[in-house]
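**Q** The following block contains the structure, expressed as C-alpha cells.
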Amino acid sequence: MNQSSSVVVFVSGGKWCKGIYQGGGFGFAIGLVYNRAFYLCTHKALTKRSQGNVVIVFDQVQKSYQVGGRAIPALHPTSMTIDTGEVFGIVGHSGAGKSTLVRLINLLEPPTGGRILIDDENITGYNASELRAFRRKVGMIFQHFNLLSSKTVADNIAFPMKLAGIYSRTEIRDRVDELLKRVSLVDQANKYPSQLSGGQKQRVGIARALACRPTILLCDEATSALDPQTTQSVLKLLADINRELGLTIVLITHEMDVVRRVCDRVAVMDAGEVVEMGAVSDVFLHPKHPTTRDFVFESESIDHEEMQQDLQHAKGRILRLTFRGESTYTPLLGSVARESGVDFSILSGRIDHIKDTPYGQLTLSLVGGNLDTAMQAFEAADVHVEVLR
Ligand SMILES: Nc1ncnc2c1ncn2[C@@H]1O[C@H](COP(=O)(O)OP(=O)(O)OP(=O)(O)O)[C@@H](O)[C@H]1O
Ligand SMILES: [Mg+2]
C-alpha cells in the first residue's frame, strides 16, 4: 500500500509520471486514485454528444496553386464529412495544407477539382449573389485577429452586418449588445483594437464572426498567438458557443492539446493529405500515422528515445493499458495480480481528459504468474491492452 502516495502524483500533476514503482498492492492504489479522480466528473464523464447530420462534404476535393506557371498541389484529392454541431479539429505541421483546406469551405479559395457540399448544396456552382448569402452562413476567426484598427470594438462587431446590407439599425445595435455580453466585453465596447489584450482582440474576432448568425465557424490558429491561460479561456468560449448555439466549428491548430480539449473528431494532415482521421479519443490514445504520433508525444512532453531506453531496463513483458469509461472506475490491477499471480511494475502513467471524458494510460512491466490470464482479465474489463514488448 505504500505505493499509493507515488500514484497520487499522477492526479495532482495531470501529466505523465515516469519511474519504476515496484510492488503487489499498487493495483488497489491505482483503483482508488482512478475512483477518486474520475468520480469528480462522473456526471459529465460519459455524456458524449451524439453526432447529427452531415453539414460539410468534401468529395475528391483538390487544390493546386499556380506558381511560376506550374500547378503546385497544396491539397491532394480529399474526401471527408463534417457533422452538424461537432467541433472538428485539423492538425498538421506548417505547410501541411490546413489553411488551404479550411479556406475551401467558405470558398476563399476555389477548388481545382472535386465537389464541396454544404447543407447538401454544391457551393462550387454558386453565382456571386448566392456566394454572398452563403458566406453569411460561415464565420471565420484568425490567428492575428484581423480587426479594423480605426473602428471601435462595437463597430468591428457591427461591420459584417452593415456590409451585408440586409439588417436594420435596431437589429444591428441589439445584436452587437447581445454579442458583447456573450464574449464578456460590454465594458470595452468603445475601445479601439490597439487598446485591447490579445485575448480581448480574439473575443472581438469571435463576436464579429458570429454577427450574421452563421451555422459554421472556421478558426484558423485562433489561439496560436495567445498565452496558455488566455488560450484556455478562448477555447472555453468556443466550446460554450458550440454547445449553446449548436454551431459547427472547424478548428485548425498545430497543438494536439487544443484538439484534446475541445474537438470531437480530428483530421491529421501531412504534405497536402489527410493521413489520419477519427474520434479524438481514438486518434489521441491510439495514434497510427507517424505524424500523429509525433503530435501526441509532443503534447504529452514524451521523449520517445528516452522512454525506449527506460523500457530496456524493465523486466518481463511490457504492456500499455488504456482505461476509458466504466473500466476507469474499477480497482483492477490488484484483483488481476491476485487472480493471475503476475507481479507488476508501473513504468509510466497519465490521467487526464479528452474533452469532458477522463482517461488513464499506464505502462506496466509484468513478471511471473500467468500472463494470458492477466491479459484476458484486462480485456474483459474493457481495458485496451497493447503489448509493447
Ligand atoms: N496563395 C498561394 N500561392 C501559392 N502557394 C500557396 C498559397 N497558399 C498556400 N500555398 C502553399 O500551399 C501549401 C499549404 O499551405 P497552407 O497555408 O495551407 O499550409 P498550413 O498547413 O496552413 O501551414 P501553416 O501552419 O504554416 O499556416 C504550402 O506549401 C504553401 O506554400
Ligand atoms: Mg495556415
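The values are calculated or read from the model by the stated rules, or taken from the named source; none is laboratory data. None of these values were measured; they are calculated from a predicted model. Virtual Cβ from ideal backbone geometry, glycine too; neighbours counted across all protein chains shown.
**Q** If residue 323 satisfies all but one of (1) crowded, with 22+ Cβ neighbours inside 10 Å; (2) more than 18 Å from residue 284 (Cα to Cα), what's the number of the condition it fails?
**A** In the conditions (1) crowded, with 22+ Cβ neighbours inside 10 Å; (2) more than 18 Å from residue 284 (Cα to Cα), residue 323 misses (2) alone.
**Q** If we scan the stretch 366-385, do we find a residue that is buried (at least 16 other Cβ atoms within 10 Å of the Cβ), outside any helix (DSSP H, G or I) and of a type in the set (D, E, K, R)?
**A** Checked against the condition, which is being buried (at least 16 other Cβ atoms within 10 Å of the Cβ), outside any helix (DSSP H, G or I) and of a type in the set (D, E, K, R), the stretch 366-385 yields no hits at all.
**Q** Out of 295, 284, report the one residue that is part of a helix (DSSP H, G or I), within 16 Å of ligand 2 (Cβ to nearest atom), closer than 30 Å to residue 54 by Cα and of a type in the set (Phe, Trp, Tyr).
**A** 295
Listed here are the residues, each with its yes/no results for (1) buried (at least 16 other Cβ atoms within 10 Å of the Cβ); (2) more than 16 Å from ligand 1 (Cβ to nearest atom); (3) within 24 Å of the chain's Cα centre (by Cα); (4) not assigned by TED's automatic domain parsing to the domain that holds residue 242.
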{"position": "82", "(1), (2), (3), (4)": "yes, yes, yes, no"}
{"position": "87", "(1), (2), (3), (4)": "yes, yes, yes, no"}
{"position": "105", "(1), (2), (3), (4)": "yes, no, yes, no"}
{"position": "109", "(1), (2), (3), (4)": "yes, no, no, no"}
{"position": "121", "(1), (2), (3), (4)": "no, yes, no, no"}
{"position": "137", "(1), (2), (3), (4)": "yes, yes, yes, no"}
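**Q** Which residue pairs have Cβ atoms under 9 Å apart, sit 6 or more places apart or on different chains, and have a first residue in the stretch 65-78 that is touching a residue at least 12 places away in the same chain (Cβ under 8 Å) and of a type in the set (Gly, Ala, Ser) and a second that is assigned to a strand (DSSP E or B) and away from ligand 2 (no atom under 16 Å from the Cβ)?
**A** 71/64; 74/62; 74/64
**Q** All but one of (1) away from ligand 2 (no atom under 16 Å from the Cβ); (2) closer than 30 Å to residue 76 by Cα; (3) not hydrophobic (A, V, I, L, M, F, W, C) hold for residue 233; which doesn't?
**A** Status for residue 233: all satisfied but (2).
**Q** Return yes when residue 101 is surrounded by 21 or more Cβ atoms within 10 Å (Cβ to Cβ) and within 11 Å of ligand 2 (Cβ to nearest atom) and no when it is not.
**A** Yes: the conditions hold for residue 101.
**Q** Among the residues of the stretch 213-248, count how many are out of contact with any Gly (no Cβ under 9 Å at 6 or more places or on another chain), crowded, with 18+ Cβ neighbours inside 10 Å and among the aliphatic types (A, V, I, L, M).
**A** Counting residues in the stretch 213-248 that are out of contact with any Gly (no Cβ under 9 Å at 6 or more places or on another chain), crowded, with 18+ Cβ neighbours inside 10 Å and among the aliphatic types (A, V, I, L, M) gives 4.
**Q** Just wondering, is there one or more residues in the stretch 252-263 that are away from ligand 2 (no atom under 16 Å from the Cβ), β-branched (Val, Ile, Thr) and in contact (Cβ under 8 Å) with a residue 24 or more places away in the chain?
**A** Yes; the residues of the stretch 252-263 include at least one that is away from ligand 2 (no atom under 16 Å from the Cβ), β-branched (Val, Ile, Thr) and in contact (Cβ under 8 Å) with a residue 24 or more places away in the chain.
**Q** Starting from the stretch 292-320, keep only residues that are farther than 23 Å from residue 336 by Cβ, then list their pairs with residues that are among the acidic types (Asp, Glu) whose Cβ atoms are within a distance under 7 Å, requiring at least 6 positions of separation or different chains.
**A** 292/276; 299/255; 299/257
**Q** Same structure, new question: Go through 334, 341, 349 for me and flag whichever is at pLDDT below 85 and either within 30 Å of residue 86 (Cα to Cα) or touching a Gly at 6+ places or on another chain (Cβ under 8 Å) (or both).
**A** One residue alone meets the criteria, 349.
**Q** Filter the stretch 273-316 for residues that are basic (Lys, Arg) and at pLDDT 90 or above; which is farthest from residue 372 (Cα to Cα)?
**A** Filtering first and then ranking leaves 293.
**Q** Looking only at the stretch 263-295, which residues are among the aliphatic types (A, V, I, L, M), surrounded by fewer than 21 Cβ atoms within 10 Å (Cβ to Cβ) and closer than 22 Å to residue 324 by Cβ?
**A** 277, 279, 285
**Q** Looking at 157, 172, 166, can you tell me which residue is surrounded by fewer than 21 Cβ atoms within 10 Å (Cβ to Cβ) and in a helix (DSSP H, G or I)?
**A** So the residue among 157, 172, 166 that is surrounded by fewer than 21 Cβ atoms within 10 Å (Cβ to Cβ) and in a helix (DSSP H, G or I) is 172.
**Q** Here is a follow-up. Can you tell me which residues in the stretch 63-95 are more than 28 Å from residue 241 (Cα to Cα) and either touching a His at 6+ places or on another chain (Cβ under 6 Å) or outside any strand (DSSP E or B) (or both)?
**A** Within the stretch 63-95, 68, 69, 95 qualify.
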